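Structure, as structure tokens:
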Amino acid sequence: MRTATADALARWATELQPTEKDLALARRSLLDTVAVMYAGGADPRAPLLHQLSEPGRWAALAHVLDYDDLHMPSTTHISAVCVPAALAEGGDERAYLAGAGVMARLGTALGWQHYSLGWHATCTAGAPAAAVAASVARGLDAERTAVAIALAIPAAGGVQRAFGTAAKALQVGFAVEAGVRATALAEAGATADLRALEQWMELVGGDPEASHPDSPAVPGGLAIKLYPCCYALQRPIRAAAELGPIDLPQVRKVRVKTPAASLAPLIHQRPETGLEGKFSLEYGIAAALLDGRPGIASFSDQAVQRPEALRLVELVQTVATEGGDHLLIGEIELVVTLEDGTDVRTTLALPPGAPERPPTEEELRMKLEVCAGAEADALAALGWESAAAYLRATPPA
């Protein structure tokens, strides 16, 4: 009989020996995630998160601004799940990378069809991944880690209709709580049928055969967001910035041509709140034209309701081209038509921060300062051995 997928993944995770490249990714992920957690503490929804456990609260804080990293092949926010799960259980970069690697592989095996049907893959792949990160952090062997994966499956859910509401960050917190709870139960001796993972993957449209491990730890690397909104907006915002100065009162029409796949999570055409604005192509472009480099304040309720933003949102026309199986497929074409008939246009394939166009040290430092302000230097000095203590002593929320 073929080895159960949960067993194969657990053996890979517990035997992982990170490379220098893996460790560098883990270091960047730690700082990026703690920074966005810190910034998330000032979000109006942060008080809600005190209803969650420590790892759940940390995960929700890491995701509440939608400023956290993304694994493109799986369309999952890996670090918002795996950094809190590892830190809360006393783990280091190896625990993070084990969870991240399992999440990348499960999310990729679930595939674009799973995401395009409306599942929130960060949660579906995230619950078992959190179990792996917590298991490695607690020193469980492969057998117990595989059981933890199977025990996390009942909580492996989350849907995209939550996008634009507090539920999006909360359901990421739920996934991490489920993974950590599954680990504790596995360590205590709970039993589970490891084939639950295969059955669940088939039920939600995944392919268990595609989830077997290989190297590196996180295949494809991670995309870093330079704007605090859905990853599907990173390219349109950058494209709008590359148009250069535009006399906004003269704008008559904004035409966006982009692959249909890149629009999948952008479900709010006429946003009314800041959270909805993070999932609106129309508002993302309006914010870029108005603010140059949209920041955290660009996605407040007040910013979305600006009269000039509302006017620009109404001028955006979207042309979706056929096909695509990930958020950065193809390229975007942006054309702004002015009152005198002049067209200002640009095209863009990859935004800064994409795995193939990694962020510079300057861009990473700028993001750290945007998120943490006067605490930027303290966050920059954190390591895996000190981050959890820092978060407990200086809670983001």
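No lab work stands behind these numbers, since they all come straight from the coordinates. Only a predicted model underlies this, so the values are computations on that prediction, with no experimental measurement involved. All Cβ positions, even for glycine, are placed from backbone atoms using ideal geometry, and neighbour counts span all protein chains on display.
What the table shows:
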read-out: For the range 284-323, alpha-carbon Rg over 2.2 N^0.38 Å; value: 1.31
read-out: Rotationally averaged projected area of the range 231-348 (alpha carbon convex hull; nm²); value: 6.3
read-out: Listed peptides 25-37, 266-278, 330-342 by packing density, highest first (mean Cβ within 10 Å); value: 25-37, 266-278, 330-342
read-out: Isotropic mean projected area of the C-alpha convex hull, the range 35-191 (nm²); value: 8.2
read-out: With Cα atoms, 0 to 90° folded angle of helix 5-15 axis to the chain main axis; value: 80
read-out: Rh by Kirkwood over Cα pairs, then Stokes-Einstein D for the range 136-216 at 0.890 mPa s and 25 °C, µm²/s; value: 175
read-out: Using alpha carbons only: equivalent-ellipsoid semi-axes of the range 172-226, gyration tensor based, whole Å; value: 24, 19, 13
read-out: Kirkwood estimate for the range 51-108, i.e. one over the average of 1/r between Cα atoms, Å; value: 11.5
read-out: Rounded tilt (10° steps) of 361-372 against the dominant C-alpha axis of the chain; value: 90
read-out: Relative contact order, percent, the chain [alpha-carbon distance under 8 Å, six or more residues apart]; value: 20
read-out: Calculated Rg and Dmax of the chain using C-alpha coordinates, Å; value: 20.6, 73
read-out: Helix 20-40 vs. the chain, principal-axis angle (Cα, 0 to 90°, nearest 10); value: 60
read-out: Relative exposure of SER53, SER211, SER280, judged by other C-beta atoms within 10 Å (fewest first); value: SER53, SER211, SER280
read-out: Helix-only CD estimate at 222 nm, as mean residue ellipticity for the chain, using -39500 (n - 2.57) per DSSP H run (n ≥ 4); value: -14500 deg cm²/dmol
read-out: The range 1-77: projected area of the alpha-carbon convex hull, averaged over directions, in nm²; value: 7.3
read-out: Nearest-20 debye value, the chain charge dipole, Cβ charges on Lys, Arg, Asp, Glu; value: 460
read-out: Unit charges at the beta carbon, dipole of the range 307-397: most positive-side option, ALA388, PRO307, VAL370; value: ALA388
read-out: Positive-end extreme of charge dipole, the chain - chosen from ALA8, ALA131, ALA59 (charges on Cβ); value: ALA59
